[in-house]
Structure formats: C-alpha cells, structure tokens
1. Scanning segment 652-683 for residues that are outside any helix (DSSP H, G or I) and among the β-branched types (Val, Ile, Thr), which turns out farthest from Trp803 (Cα to Cα)?
2. Would you call Gly407 outside any strand (DSSP E or B), at positive phi, exposed (fewer than 13 other Cβ atoms within 10 Å of the Cβ) and at pLDDT 95 or above?
3. Quick check: is even one residue across segment 641-651 assigned to a helix (DSSP H, G or I) and either open to solvent by 10 Å² or more (accessible area, probe 1.4 Å) or modelled with pLDDT under 95 (or both)?
4. Quick one: in segment 789-825, of everything that is touching a Ser or Thr at 6+ places or on another chain (Cβ under 8 Å) and not in a helix (DSSP H, G or I), which residue is surrounded by the fewest Cβ atoms within 10 Å (Cβ to Cβ)?
5. Considering every residue within segment 498-505, establish whether at least one is under 21 Å from Asp197 (Cα atoms) and not in a loop (DSSP other than H, G, I, E, B).
6. Is it true that Thr178 is surrounded by fewer than 20 Cβ atoms within 10 Å (Cβ to Cβ) and polar (S, T, N, Q)?
7. Can you name every residue in segment 589-629 that is out of contact with any Cys (no Cβ under 8 Å at 6 or more places or on another chain), of a type in the set (A, V, I, L, M, F, W, C) and open to solvent by less than 10 Å² (accessible area, probe 1.4 Å)?
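The values are calculated or read from the model by the stated rules, or taken from the named source; none is laboratory data. Predicted model, so just to flag it, every value in this text is computed and none were measured. With ideal geometry, Cβ positions are generated from the backbone for all residues, glycine too; neighbour counts draw on all protein chains shown. These accessible areas exclude ligands, DNA and RNA; they are computed on the full protein's heavy atoms, side chains included. Shrake-Rupley method; radii C 1.70, N 1.55, O 1.52, S 1.80 Å.
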Amino acid sequence: PAAVHPAALLVAGPVPVPLPAFHDADRAGVTLDDLLGEQTALPGDSWPAVGRSFPAPGGELSWREAATASFTPPHDVAATAWTAVFVHTDRWQKAKLTVVSPRPLKGMLDGKTLALAKGAGDTLTADLELEIGKHVVVLRSLFEPAKEGDWALTLTVTPDAKAGDGTLALTTSPERVTDVRLVLDAPRCTDLALSPDGALVALTLKEVRHGSAAESWLEIRATQDGKLVDLWRGGGAPSDLRWLDTGRRLSWRTDTDGKATLWLRDLDTATFTAAVAGVEKMGSWLWAPDGSFVVYELKREPEADKRKVKRVVNPADRQAWYRNRNHLVQCFVPGGATRRLTAGPVSPDSWRIAPDGRSLLFFLSEQDLATRPYFTSELWLLDLGTLEAQKLLDDRWIGGAEFSPDGKTLLLSGSVSAFGGLGRDLPEGMQANDYGGQLYLWSLADRAPVAATRGLVPDVESAAWCAADGMIYAKCIDTQYVNIYRAKPGKGEPRWEKVQTGLGATDQIALPRRGGTAVARGSDATTPHRVHTIDLKANKSRLLLDPGAEAWQDVAFGRSEPWTAALPDGARLDGRIWYPPGFDPSRTYPLIVYYYGGTSPIDVTFGGRYPKNVWAGQGYVVYTPNPSGATGYGQEFAARHVNDWGRLTAREVIESTRAFLAAHPWADAEAVGCIGASYGGFLTEYILTQTDIFAAGVSHAGISSISSYWGEGLWGYAYGARALADAFPWSDRDLYVEQSALFSADRITTPLLLVHGDSDTNVPVGESDQLFTALKLLGREVEYVQFQGQDHFVLDHGQRIVWNDTILAFFAKHLKQRPAWWEALHPEPKDWR
C-alpha cells in the first residue's frame with residue numbers, strides 16, 4: 001500500500017533550550033542530545049488539539065495547525081519544538097512511520113517511546129502496531145545553531161500490505177472512541193461520605209497515570225458549589241471514609257506494611273491526628289456516635305499444620321480462609337485504651353453501633369448442611385456496658401440490619417423467604433429466587449416483623465435510614481437501571497418513590513443527618529462516572545463533580561437506547577442497544593450479543609469488566625437482552641431462574657437475537673457473536689449446543705458441567721442452594737446432565753473462545769479444561785486462554801488489557817474476517833514440541 005501523507009499537522013513552539021549550569025564539566029557534563037533523551041516528547045496530560053495549551057520553559061505553549069512542520073529558531077540559540085498527528089485505523093494492523101528530519105528528534109506513540117531506527121540520510125523509521133481507533137504520534141525535535149540545515153520535518157505512515165486500502169488516515173482532530181485503557185485509567189470517584197449537616201462531601205478518587213500504578217487520594221468539597229476545601233494526597237491510599245456524627249470531623253483509613261491507621265481530620269480546629277495507629281490485621285471499623293470510641297475487628301488465623309496436611313471438615317472448609325476468625329475490640333479515643341468485646345469460635349459480622357452508643361448489633365453464622373442455604377444466621381445485641389449478649393433473631397434468610405435513627409426499630413435486609421415468606425409476592429407453589437433483596441421492619445419492643453418492600457418491583461441491594469428526614473433509602477436493581485427509592489415508615493407497608501439522582505446506575509448515595517442535601521455517585525450507558533448532589537425536598541439533582549472530564553473530553557460515544565424483543569410465545573423481553581459512534585443505518589454492522597442470564601440484569605453502568613462502549617467503538621453494534629431469572633423485574637420474573645439452567649433462558653437469548661436481526665436490517669446476520677461470563681459463560685456454552693446462528697462465542701469462566709461446578713467450586717453448592725433449590729445430581733439427572741454443555745459437546749460447531757483465570761476458586765478452571773479437551777477431540781474450532789494468577793475476575797491491570805484485547809481480537813477474526821490481531825496477540829508457540 002502507498003504511504004499516507006498528512007494534510008496538516010499540529011505544531012507547538014519553538015522555545016529556547018538553554019544548557020544547564022556546569023554542562024561542560026569534564027565529569028557528568030551533558031549535551032543537547034542528552035537533554036533530548038531525558039525529556040518526554042508528549043507534553044501535558046491531554047491529547048494535542050488546536051488551541052490546547054501546555055506548560056513549557058518560558059511560559060505556556062499552544063498547539064496550532066500548520067500545513068508543514070517548519071520552524072524558525074530563535075537567533076543563535078538552541079531550541080525545541082513539537083509536531084503531532086493522529087493516526088486512525090479501522091482495524092488492527094501494522095504500519096511503518098517514516099520521518100525525514102535533518103535535526104535530532106524523539107518520538108512517542110500514545111505516550112510510549114518510539115524506537116526510531118536510523119535509515120539513509122536524514123530518514124528515521126519506526127514500526128507501529130495499531131489497534132482499531134485513533135493513536136497520537138508526537139515528535140519533539142531539537143535545533144542546534146552549530147549544525148547547518150533547515151529546521152523542518154516530514155512524516156508519512158505506510159500501512160502493512162495485509163491492511164488493504166482506505167483503512168488508515170492521518171488527521172489533526174483529537175476526537176476518538178472509547179478504549180479499554182481509558183475505561184481503566186481515567187479518574188473516577190470510588191467512595192464518598194457526607195458531613196452530618198450535608199454541607200461537605202469527602203471523596204476518594206483514583207486514576208492510573210501514564211501506565212504507572214494506580215493512585216488514590218482524598219478531597220473534601222462543598223456541596224453547594226463543588227469548591228475544594230481540603231486535600232489529602234501522597235500519604236497512602238485512603239479508604240473507608242467516615243464523618244463523625246458531631247462537628248466537622250472526617251476519619252479514614254490507610255494501610256502500610258499490613259498495619260492500619262485511622263486518621264482524624266477536624267476542620268473546625270484545623271487539627272490532624274492518627275486516632276488509632278499501627279493495628280495489625282484490622283478488619284472493618286466504626287466510630288461511636290459521639291466519637292468517644294472506635295470498634296474494630298481483629299482477624300486471627302489458626303496455626304498451620306506443620307505436616308502440610310488438612311482434614312477437611314465440611315464443604316466450606318475447602319476455603320483457605322474458612323478457619324480464620326475475628327473478634328471485636330473497643331478502642332477509646334483519645335488515649336488508645338482497648339478492651340475486647342467478643343470471643344469464641346464464631347465471628348461477628350455486619351455489625352452496627354446503636355445511635356445512643358450503648359449497644360452493638362451483629363450477626364453470627366455457622367454452616368448447617370441440613371437446610372438451605374446451608375448456613376445459619378443469628379442476630380445478636382451486645383450491651384457495651386455489661387458485655388452481655390442476647391439473641392434477637394434466628395432466620396437464615398436475613399443477613400443485614402440497621403438501626404432506626406431513634407434506635408427503637410431495626411431495618412432488616414434479607415430474601416423473599418425470610419420470616420416464613422412474609423415478603424413473598426409469588427404464585428402458589430413457585431420457588432422464590434432468594435437472591436432477590438427484600439426489606440423488613442422489626443420492632444425491638446414487640447419483635448414483630450413488617451414486610452417493607454413486598455409491593456416494590458425493583459430488588460433491594462442495600463438500604464439506609466436517614467436521620468434528617470426519617471425516610472428509608474434503598475439502592476435497587478431496577479430493570480436495566482440501578483436506582484434509589486425511598487419511603488417513610490408508618491403503619492402498614494411503606495409507599496416507595498424514586499429518588500432523582502440524575503444517574504442511570506447509582507453506585508452509592510450518602511445521606512445527611514441534618515439538612516436536605518444528599519450526594520450520589522454513578523454513571524450511565526454513555527456517561528462516565530460522576531458525582532451529583534440531590535435536593536431531597538425538591539427531589540432534584542445537579543452535577544457536583546466530573547473527575548474524568550479532561551480524560552474523556554475528546555471521546556465520541558454512539559447512542560444507547562432500550563429495545564424490547566417480541567418473542568414467539570407473545571412474551572416481551574427487555575434489552576438494550578449500544579451503537580457505534582457515527583452509526584449509519586445504510587451500512588451493515590457485526591453484532592455482539594452480551595448477557596448474564598443469572599440473577600442480575602445487564603444494566604447501564606458505564607465501563608465495567610465487559611465495556612459495551614469499548615466494543616461499540618470497535619465498530620460493533622452491541623445488544624444486551626435480559627432473559628428470565630434476572631432480579632429487578634419482579635419476584636415472578638426472578639423466580640424463573642431457579643432450576644432453569646438454560647431451559648428457558650437459552651431459548652430467550654436465541655429468540656431475542658433472531659427478533660433483533662429481523663427488526664434491524666443493518667445487523668449482519670452472518671456476523672453475530674455471543675459472550676457471557678460465569679453463569680453467562682455457562683449460557684454461552686449451552687446456547688452453542690442449541691443453535692448455529694452465532695458465528696463465534698466467548699465464555700469467560702463458564703460452567704461446562706453443572707455437577708462438577710456444584711461439587712468443586714468453593715461456592716458451587718452454596719450458589720446451588722438458591723439456583724439449584726433441592727435439586728441434586730442424584731435426584732435431578734436431567735438438569736445436571738442435559739443442561740451441561742460438556743455432555744452435548746458434539747453439538748457445538750461454532751468457533752468458541754474459552755477464557756479463564758487459572759486460580760479461579762468460584763468456577764474452577766477445570767470447567768474450561770474439560771470442554772476444551774472435548775472440543776479438541778471432536779476436531780472443533782476452539783481457543784483457550786488462561787490468565788495466570790487470576791481468580792474469577794481478571795483484576796491485574798496489564799492482564800485485564802490483554803484479556804479485553806483477546807476477546808475483541810477473537811471477534812475480529814470471526815465476525816470481521818480479520819485474523820491479524822489474534823495472530824499477533826496469540827501466535828503459534830515456537831520450539832515447544
């Protein structure tokens with residue numbers, strides 16, 4: 001292919017470059033060439049753009065557009081200047097950058113140094129590997145007065161022969177699409193806490209800069225206007241933000257060398273102290289309402305068997321941490337005097353301090369294999385004066401408790417089956433999906449439960465009782481959305497209303513003890529993570545902070561919208577579409593169908609482990625159906641999950657995909673891929689035994705044999721307590737065998753990618769091992785990529801990028817007929833036989 005020439009370039013400078021003092025010393029002196037090698041070629045944190053400035057020696061410089069990169073140097077003075085251009089490609093490809101410059105220069109591609117090789121004369125070349133999307137090349141050249149010649153450069157990019165024509169362009173526009181590095185690295189708020197009066201919000205923020213390790217810091221901002229009030233940065237990673245109930249005192253935690261410190265910042269007295277310092281093996285912690293003491297967990301581990309053997313006493317004992325225990329410690333502040341609050345073979349969990357600071361609420365749980373869900377759940381109340389404990393409640397379907405502001409009532413969280421099915425809203429005889437969350441009010445005086453959310457269709461994830469207005473605020477799975485609902489407790493079941501957070505997926509809401517301002521953080525289908533304030537009385541929200549605004553400023557998103565599929569049996573299945581930027585309905589597009597199919601819907605959260613915007617940015621339309629069994633659509637819909645394992649859900653995914661293709665002629669029916677993870681990975685494998693409408697499938701940590709997962713996964717039997725209710729391998733062979741892809745592997749003819757962390761304790765890696773072996777023996781097209789040291793989720797930053805690219809490269813190979821990326825990522829092993 002012919003070389004591609006830029007129609008215009010971005011340039012900045014020149015600026016003088018004086019040599020440092022003592023540069024001509026006999027030892028450790030430097031030359032201008034040395035300085036060129038030391039300094040980065042890419043200035044500032046933003047991509048170049050016309051009018052965008054960056055600091056430079058002697059003042060700020062601005063990028064400008066020019067037809068050529070030709071510079072006039074200052075008179076008889078060494079100087080430097082920058083040239084930039086964007087390289088856009090519609091596919092993964094290799095290319096060669098050629099630069100002709102009589103002056104020395106340094107180059108970078110997307111912030112990484114280019115290996116510029118010297119050619120004939122003034123020619124320099126570098127090999128480029130370009131993923132689909134836009135890349136920035138920045139060149140920093142150096143003028144030395146002592147050397148003759150003009151100060152100018154030209155550049156071209158020549159695509160690899162396999163790329164074809166018209167797939168690579170040079171431009172000065174910084175507009176680009178989402179990529180996985182932006183999703184992982186852009187600044188975002190990870191936690192927030194609201195001062196008692198609602199006037200200040202504390203936030204922890206996180207970003208990854210230029211490929212380095214993640215950095216976290218803390219900011220305190222005014223909720224009225226977002227102005228910065230205080231900052232903590234460079235002193236460790238702050239976590240667990242907590243405002244004390246009185247004054248303007250903020251506390252947080254840092255961990256160094258396995259020791260925890262709780263910091264206390266008093267904004268009224270301008271003091272800053274370590275309230276509790278250097279505690280080893282500290283777990284969760286809470287302040288007393290008056291700030292006079294802290295309660296925290298101390299973790300303890302049993303002594304290891306020197307013989308390196310282990311007698312496994314029950315299924316849960318296979319977990320390396322099962323025998324670990326913790327006890328509670330009360331630490332008085334100031335002074336640091338401590339006393340132990342609990343002992344024994346069980347560990348207090350989900351504990352809360354009463355509003356008057358006189359008692360403490362906690363749960364105890366032990367394994368009990370006689371009855372689902374195979375664990376007990378007891379609620380206890382500890383008197384902090386006498387240290388006497390009394391058991392309040394014994395219900396294995398209750399798992400969380402919060403005090404009312406007056407301390408007289410408990411807000412209990414559990415499942416539909418709690419209190420003998422008090423929260424049940426299901427047809428007679430239908431087994432409830434006990435992953436669906438319900439709330440109950442429980443009076444400490446009469447110990448009578450009241451169902452608080454039986455009539456609420458969304459499922460509750462968490463809840464808090466607001467002291468400012470006396471209302472209960474519940475974070476809910478609400479079809480494709482994550483919304484906040486609130487209700488005022490009174491006689492009978494509460495009436496719920498939606499809180500207008502302004503976010504499609506609300507990750508967290510912080511409530512005041514006084515005043516009418518709340519703060520929430522979250523995102524939406526095409527809106528990265530932001531922080532909003534909420535006027536609780538008017539039920540209106542506004543933007544407070546957009547921490548990633550600069551990182552996302554050049555990114556173009558395609559639109560996203562709900563889409564409902566009409567199924568052959570008359571049912572209507574909820575779903576959503578993500579379109580590529582610049583979508584053109586006159587064209588045809590490959591389609592990726594992504595689902596979970598387990599107990600949670602695919603929601604509008606931005607980014608995540610399966611970033612739909614990244615896939616859409618690669619030129620795919622993404623369709624996300626929410627098949628039967630998902631929470632957030634009512635109890636009956638969620639209950640369809642129990643003991644289904646693809647009987648209904650696989651058919652719904654297949655039929656909704658067919659409906660999508662029939663309704664959208666721009667979707668290429670010959671280029672449809674499917675992908676799911678965990679239960680969704682199971683669904684991918686099972687779906688491919690039922691249909692050939694997909695051109696490629698991806699299963700991350702999928703279950704190929706329900707029986708082996710049930711017995712070998714550390715949580716398999718416990719997940720089965722809900723998803724396989726009273727169905728066992730010896731009592732329901734049809735479910736365990738017929739619904740497992742392994743036993744129908746000969747029906748799989750679709751190319752399949754299996755992806756798995758080799759240290760997965762949830763879905764053991766053997767689930768992919770055995771299906772891979774079966775398909776290889778059958779001569780089917782299957783790829784298997786393991787990620788070493790990774791568990792059920794791929795969390796390592798670098799591996800996560802490779803994991804994302806592996807999935808997209810597999811789809812590019814099979815849905816776009818472009819195998820180059822896959823071959824570059826995963827070449828055939830050399831010299832391994």
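1. Filtering segment 652-683 for residues that are outside any helix (DSSP H, G or I) and among the β-branched types (Val, Ile, Thr), the one farthest from Trp803 (Cα to Cα) comes out as Val672.
2. The answer is no for Gly407.
3. Yes, segment 641-651 contains a residue that is assigned to a helix (DSSP H, G or I) and either open to solvent by 10 Å² or more (accessible area, probe 1.4 Å) or modelled with pLDDT under 95 (or both).
4. Among residues in segment 789-825 that are touching a Ser or Thr at 6+ places or on another chain (Cβ under 8 Å) and not in a helix (DSSP H, G or I), the one surrounded by the fewest Cβ atoms within 10 Å (Cβ to Cβ) is Gly789.
5. Taking every residue of segment 498-505 in turn, at least one turns out to be under 21 Å from Asp197 (Cα atoms) and not in a loop (DSSP other than H, G, I, E, B).
6. Criteria not met by Thr178.
7. Once the filter is applied, which keeps residues that are out of contact with any Cys (no Cβ under 8 Å at 6 or more places or on another chain), of a type in the set (A, V, I, L, M, F, W, C) and open to solvent by less than 10 Å² (accessible area, probe 1.4 Å), segment 589-629 yields Leu591, Val604, Phe606, Val614, Trp615, Ala616, Val621, Val622.
Condition check ((1) in contact with a strand residue (DSSP E or B) (Cβ under 6 Å, 6 or more places away or on another chain); (2) surrounded by fewer than 18 Cβ atoms within 10 Å (Cβ to Cβ); (3) over 18 Å from Gly598 (Cβ atoms); (4) in contact (Cβ under 8 Å) with a residue 60 or more places away in the chain) across all residues:
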residue: Glu670; (1), (2), (3), (4): no, yes, yes, no
residue: Gly676; (1), (2), (3), (4): no, no, no, yes
residue: Leu683; (1), (2), (3), (4): yes, no, no, yes
residue: Phe694; (1), (2), (3), (4): yes, no, yes, yes
residue: Gly697; (1), (2), (3), (4): yes, no, no, no
residue: Gly711; (1), (2), (3), (4): no, yes, yes, no
residue: Phe728; (1), (2), (3), (4): no, yes, yes, no
residue: Phe743; (1), (2), (3), (4): no, yes, yes, no
residue: Ile748; (1), (2), (3), (4): no, no, yes, yes
